[in-house]
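Everything below concerns the one structure shown next.
Only the coordinates and a few stated rules stand behind these numbers; no lab work does. As the structure is a computational prediction, the values presented were derived from the model and not from experiment. Ideal geometry is used to build each Cβ from the backbone, glycine not excepted, and the neighbour counts take in all protein chains shown.
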Amino acid sequence: MAAPTKAVARGTRRTSGPARARQRRRRATERLIAGVLITATAVSVLTTIGIVLVLIFETVEFFRHISPWEFFTGTEWAPLISPRQYGVLPLISGTLLVAAIAIAIAMPLGLVIAIYLAEYARPRTRSIVKPFLEILAGVPTVVFGFFALTFVTPNLIQPLIPGTNVFNALSAGIVVGLMVLPMVATISEDALAAVPRALREAAHGLGATKLEVSLRVVVPAALSGIIASFILAMSRAVGETMAVAIAAGSTPVLTLDPTRSVQTMTGYIAQVSLGDTPQNSIEFKTIFAVGMTLFVMTLVLNIVSQMFVRRYRNVYQ
Amino acid sequence: MTVAPLAVAARWRPRLATRSRSGRAFLLLCYAATAIGILSLVVLLADTAIKGAPQLSWEFLTSYPSRFAARSGVLAAAVGTLYLALIVIVVSFPLGIATAIYLEEYAKPGLLNRIVQTNIGNLAGVPSIIYGMLGLAVFVRALSLQRSLLAGGLTIAVLVLPIVIINAQEAIRAVPSSLRHASLALGATRWETVWHHVLPAALPGVLTGTILALSRAIGEAAPIILISSIAFIAFLPDGLLDSFTILPIQIFIWVSKPQEAFHAIAASAILVLLALLLTLNAIAIFVRDRSRRSAQW
C-alpha cells in the first residue's frame, strides 16, 4: 500500500503535483473497478433475462402453431410420430409421479435425520453422519440413474413387485428421493437448530420428555423452515433430468402406476435433444414449451419456499 | 384462561413408562433413518465399484469410445471434462467473485440490491436442463459457436455462477469489518481495502466454495445434452471451437445401451468420474482446514 504523502500527513489541503496526479489515478482506478464489478454483476441479471426471453420467444413461436388449449388440456403426447398429439398432461403427470415418490422418501427420512442430528446426536456422531450426507449430495445425478436402472429395479423392485417394467417411475422416484434427502435433512436441521434453547428448557421444565420437546415444541417452532425444505426438494425433484431420463423411461402416458414406464418433462427434453429432430421444426420447439412449463413450475415452488424461509427467519432472528 | 376443570386434573396420569418407551422407540427410528441414508450411499458406491473395477485398466483410460464395449475407453470424455472444467474456472470464478465483491462491498442496500440478490437465489434453483436451452439459443446459435467446447463450457459456467457468487459472498461476509475500517481509516480507497485486506482474508473460504461449485460443474450432464449432440467422439478436442464430450454424457450414453457390457464400462467411467470429484473435494477440504488454522480473528 502507498505510504501517505507528507502533505496528507500534515493535514494540509494543498498537495504537490505528483501526489495530486497519484490521487487522480487512484480515483480513476476506483471508478474503473467499480464499473468492472457492476458489469460482472450484470451477467447474472442478464442470465435471468436471457432464460426468460429464450423460453418466451420460442414458446410463443410454438403456440402460433399449436393452441395453448390443446397443449395444456390434451391427454396425449406424441409430437414426434403421427398422428401428432400435443397434450402436455402426460409429461406433467409423469414428472409429478416421480417427484411425489421422491418426496415420500425424502420427507420422512430427511425430517427424522434432521431431528436426530439437531436434538439427539452427540457431536461425534454428527461429525460422522454429516460428511455422509455431503457426499450423497455431491454424487452426480447420472450416477443415481445408473444405480436406479442396474441395482434398484432388478434387485429391489422386481423381486418385490414382479412384472415391473425395466424402466419405471418407482426406481427413478426412489433415487431422486435419495438425491434430495441431504437437502431436506440439512435445511430442516438448520431450522431446528435456530429454535431458541429457552423454548426447549421451558418444555423440559414443565416435565416433557425429550421426544415431546422435540416433536411438540421444536418441530412446530421450526415448521416453516421444514416446509421450505420439502418444497425446495420438490422443486429439485421436478427439475431433475439425468436420473429420470435413464430410469423412468420414455413413454408419455397418463398414469399413476409407479411400476410402469413414464416420461417426465425433463426426460422428454433430453430425448428430443439427443435425437435427430431438425432444430427449426415445430417438433423441436416443443422442448421450449415444455421447458417453459417446467421453469414456471420450479420458479413457483422456489418462491413459495423462500416465503417460508423468510417467515422462520423473522420469528427467531 | 378459565379455571382448569378439576375433573381433568384428577384424571391426568403421568404415564411415565409409556412416554419413555415411545422416546426410546423414536430414537430407534432415528437410528434406522440415518442408517438407511448412510447405507444407500454405501450400497451405491459398492455396487458401482464391484461392477466397474474389473474393466478399469490403462487401456480403458487411454482409449476412445468404440462400438465394442471391450475396446471402449474414456479418454475423449475425461479430457473433455478437464477442458470444460478449465473454461468454467476461467469464466465463472472471476465473474462470480467480482459479483460477490460488488454485492458485499460496493452495492448500497436498497431495492435494486435486493432484486439482484433474489435473482441470484432464484437462478440457483433453475433446473439445469433449462440452462442447456439458454446455451443452445445464445451460445450455440446466436453467437454461432456451434456445438463446441466453448459453448458447453460457457453454459456450465453460467450454471454454476450463482453457486460461486453465493459461496464467495458468505466468505467475504465472514471477514470482520474491523479489518475494513482500519484500512479505510488509514486512507486506503475502497478497492485497495478489498484487494489488500478483505480478499486475502476471505480467499480460503472463497476457494473452498468455488471448488465445490467446480465439482458440481463436473458432474453436470443435463445442459450438455442440448449442447453436444455428437454421441460418438473418437478424438480429442483440438481447440475451443471443436466438438467434445464429457464423462457424465459418456456414462449416460453407455447406460442407455441395452447391452450389459456397456453398463459395466459405464460403471468404470463412473469410477473415473468419482475419482476426479474425490480429488477435487479433498483439495477443498485441505484448503478449508488450512484456512481454519490460519484464521486469526
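Results, tabulated for the structure shown:
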read-out: Residues B:Asp238, A:Asp190 arranged by fewest to most Cβ contacts within 10 Å; value: B:Asp238, A:Asp190
read-out: Test item: Cα-centred dipole of the protein assembly as shown, Lys/Arg +1 and Asp/Glu -1 on Cβ, debye; value: 3040 debye
read-out: Sparse-neighbour loop sites [trypsin sites (Lys or Arg not before Pro); region B:51-98; at most 16 other C-beta within 10 Å; DSSP]; value: B:Arg67
read-out: Kirkwood hydrodynamic radius (C-alpha pairs) into Stokes-Einstein, the protein assembly as shown, 20 °C and 1.002 mPa s, D in µm²/s; value: 80 µm²/s
read-out: Residue-averaged 222 nm ellipticity for chain A, from DSSP H runs of 4+ at -39500 (n - 2.57), nearest 500; value: -22500 deg cm²/dmol
read-out: Contour excess over end-to-end distance, with Cα ends at A:Leu156 and A:Ile49 and 0.36 nm allotted per residue; value: 34.1 nm
read-out: Cα-only radius of gyration and Dmax that characterise chain A, units Å; value: 26.9, 91
read-out: Residue of B:Val164, B:Val255, B:Val88 that the Gaussian network model of chain B assigns the largest fluctuation, springs spanning Cα pairs under 10 Å; value: B:Val255
read-out: Förster-model FRET efficiency, 22 Å R0, A:Ser127 and B:Ala25, C-beta, rounded to 0.05; value: 0.30
read-out: For B:130-140, mean number of other protein chain Cβ atoms within 10 Å; value: 6
read-out: Subset of A:Lys130/B:Lys51; A:Lys285/B:Lys51; A:Lys285/B:Lys257 violating a 29 Å alpha-carbon distance limit; value: A:Lys285/B:Lys51
read-out: A:Trp69-B:Ile36 pseudo-label distance in nm [points 7 Å out on the Cα-to-Cβ vector]; value: 4.6 nm
read-out: Ranked B:Tyr106, A:Tyr116, A:Tyr86, criterion: other C-beta atoms within 10 Å, fewest first; value: B:Tyr106, A:Tyr86, A:Tyr116
read-out: Where labels lie 7 Å past Cα in the beta-carbon direction, separation of B:Phe286 and A:Glu61 in nm; value: 4.7 nm
read-out: Extreme residue, positive dipole direction of chain B, given options B:Val206, B:Trp12, B:Ile163 (C-beta unit charges); value: B:Trp12
read-out: Centre separation in Å (Cα based) which lies between region B:143-212 and region B:118-136; value: 20 Å
read-out: Kirkwood-Stokes translational diffusion coefficient of region B:58-294, alpha-carbon pairs, 25 °C, 0.890 mPa s, µm²/s; value: 127 µm²/s
read-out: With at most 15 neighbouring Cβ atoms within 10 Å, loop trypsin sites (Lys or Arg not before Pro) (DSSP) excluded, longest segment of chain A; value: A:85-317
read-out: Least to most buried among B:Ile120, B:Ile163 (fewest other Cβ within 10 Å first); value: B:Ile163, B:Ile120
read-out: Chain B: calculated mean residue ellipticity at 222 nm from DSSP helix runs of at least 4, using -39500 (n - 2.57); value: -23000 deg cm²/dmol
